[in-house]
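To keep things clear, I will list the structure first and then write my remarks on it.
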Amino acid sequence: MRYARFATLAALLAAAGCANYSSVGANAPVQVGDNVSVLPQIQWGQAPFPGFAGTLWTEDGAALDSLMFFTGIKPGEPLINANGVSKDELRTYQAGMLPNDVMDLLATNFSKLSFQQIRTSNLRPAPFGSATGFRFDLTFSTKDGLNMRGTALAAQRGGKLDMILFIAPDEYYFGHYADTVEKIFASVQVPPPSGSG
Amino acid sequence: MIRRLAALACALPLLCAQAIADDVAPVTPGYRPAVDTDEAGLWMMSDQAEATMKSSPLLVKDPGLNAYVKGVACKIASEYCADMRIYILDIPYFNAAMAPNGSMQVWTGLLLRVHNEAQLACILGHEMSHYMLRHTVAEWRRARDTTGAMAVVAILTAGAGVGIVGSLANLVALNSLLSYSRDEERAADANGQDLVYKAGYDPSQCAALWRAQMTEENAEPEHADTFQFLKSHPASQERLDTMQQRAAQMVAAANGRLQVGADILHAATAPFRGEWLREEIARSHFAQSLAVIQNLQADEPNSGLLQFYLGEVYRERNAPDDPARALTAYRAAVADGNAPPEVYRGLGLTEMKSGDKTDASTDFRHYLALAPAADDHAMIQYYLTQLGEPA
């Protein structure tokens with residue numbers, strides 16, 4: 001039916017629950033794309049995502065905790081590129097966006113993926129490795145009525161966007177991994193900007 | 001087995017709310033179907049769907065807003081008031097639906113779009129009419145008889161994958177598969193208009209509301225599938241003309257004693273309109289959002305809130321001429337005098353991207369002064385340093 005194109009990230013998360021995971025070790029830096037590396041802190045499962053542009057790590061299953069890495073997003077590309085979601089339905093990253101615009105971009109991309117009551121907050125500057133980045137938080141509910149929380153760290157480097165996003169149910173799971181996620185955010189390493197040091 | 005399938009199908013309030021009333025009599029106040037009928041199965045599943053609605057995180061629990069909408073509903077429902085329960089759902093689309101058991105869902109996107117209390121009464125009266133005339137039951141029976149119970153169940157199963165606005169909304173989205181007949185729509189139009197008129201509202205607002213919805217849909221026809229209500233209630237020029245003609249006769253007979261109630265509606269919805277507008281823009285159907293806001297501005301030309309969100313649409317869409325349009329809208333909002341502090345943030349962001357550092361700094365500072373506890377305070381301070389101000 002015509003609504004099939006509104007296949008959801010939630011559906012992808014559920015599908016990932018059935019996928020084969022590879023293991024990500026806790027104690028060695030891992031490249032997550034576009035010269036971004038992080039220290040995982042704990043052992044994660046990396047889930048393959050058919051048609052999904054980013055990398056996803058999860059501990060208890062993608063529907064319960066998802067640490068997503070979107071790196072090297074170029075102007076004209078959506079932040080989330082999931083199978084079944086028409087590209088013309090998704091706003092894309094644009095050169096010259098301010099952090100407010102990037103935060104709105106994520107919210108509107110999520111709104112196309114069946115999530116509801118999306119609220120963003122606490123936009124603030126934050127280091128992204130040696131680069132200047134920004135943080136923001138979000139809450140939303142799934143189509144099944146589950147209240148979710150998220151927190152994001154992002155930066156724009158060399159005209160491209162990197163974002164690390166953690167989302168989990170508000171009840172138990174978000175809080176359970178919050179400290180780990182903070183440590184991972186703090187562990188981000190990127191090459192120094194060209195022309196420096 | 002067939003009865004169980006029938007009951008399953010009617011877990012869907014609006015699917016059940018669209019029926020053909022050829023062979024069923026209207027409900028009487030206090031009506032409940034006999035327990036040994038297929039209609040009782042419909043009611044049972046509607047009861048279960050209603051229980052889901054009660055626990056939905058989308059449910060708007062504000063007592064004042066609920067009392068207001070319920071009050072309007074009861075004013076037009078009259079002796080049927082006790083049979084009806086209203087559930088306001090936080091979904092930014094235009095929709096309302098009444099299940100065969102008397103539960104009605106009203107979405108916040110509808111409450112944003114109605115211009116006055118008479119228009120709200122028009123929609124509630126139209127939906128109540130489908131309920132009162134038992135279109136639900138006849139439609140269900142016809143769908144079951146013509147499509148076959150298994151086919152209907154297959155439709156319902158497919159509906160579970162509809163993800164645009166959530167599982168409750170998914171149920172309503174299935175309207176598109178089984179639209180009301182033209183005769184049912186005409187009957188609901190006429191009965192709804194009668195209810196509105198008897199309650200003392202101006203019935204000419206009904207056609208005005210339908211027309212506004214058609215304008216919004218036409219603003220972005222490629223995304224017309226977001227108009228669940230119009231899909232299940234397809235409006236035609238003939239229906240609009242009929243509504244308008246009937247309304248003209250009623251208005252003439254009323255001799256000026258009819259109420260529109262714009263101020264009452266605005267007072268009741270004022271605490272929520274900013275959030276509803278934000279949710280509307282977040283849908284990213286910018287042409288539709290512009291139509292929504294411009295429709296509302298026709299009645300509220302001096303609303304700083306509407307001007308502010310007009311600016312937000314332009315800023316977020318960011319088409320070639322949009323920054324200039326955003327600045328014009330934001331400045332008009334400031335001139336109107338009742339815009340939220342965020343209008344200065346919008347100005348600052350737009351000016352900063354346009355390279356207008358001096359004005360951007362001024363407007364960001366103004367924003368921080370008006371909203372010292374804003375949760376993006378640190379970000380705005382960072383922008384100021386980027387604009388050359390001392391940290």
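Starting from 0.36 nm per residue, how many nanometres of slack lie between B:Asp375 and B:Ala252 once their C-alpha separation is accounted for?
38.9 nm
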Find out how many positive minus negative residues lie around A:Ile42, taking Lys and Arg as positive, Asp and Glu as negative, among other residues whose Cβ is under 12 Å from that of A:Ile42.
-3
Taking B:Lys198 as the anchor, which lysines have their alpha carbon closer than 16 Å to its alpha carbon, excluding any fewer than eight residues away along the same chain?
B:Lys75
Excluding residues on the same chain fewer than 8 positions from B:Lys357, give the lysines whose Cα lies under 27 Å from its Cα.
A:Lys74, A:Lys160
Assuming R0 = 25 Å, can you tell me the calculated FRET efficiency for the pair A:Asp170 and A:Thr92, based on Cβ-Cβ distance, to the nearest 0.05?
0.30
Pairwise label distance in nanometres, B:Gln48 with B:Glu238, each label 7 Å out on the Cα-Cβ vector
3.9 nm
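Report the calculated FRET efficiency for B:Glu389 and A:Ile42 (r = Cβ-Cβ distance, R0 = 51 Å), to the nearest 0.05.
It comes to 0.75.
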How about A:Lys112: which lysines have a C-alpha closer than 16 Å to its C-alpha, ignoring those fewer than 8 places off in the same chain?
A:Lys87, A:Lys143
Computed over segment B:252-391, the Cα gyration tensor eigenvalues, each multiplied by 5 and square-rooted, give semi-axes in Å (largest first) of 33, 16, 12
Sum of side-chain charges, A:Ala186 neighbourhood, beta-carbon under 13 Å (Lys, Arg +1; Asp, Glu -1)
0
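Values quoted throughout were computed directly from the atomic coordinates according to the rules given, and no laboratory measurement underlies them. Values in this document were obtained by computation on a predicted structure and should not be read as measured data. No Cβ is skipped: glycine too gets one built from the backbone with ideal geometry, and neighbour counts run over all protein chains shown.
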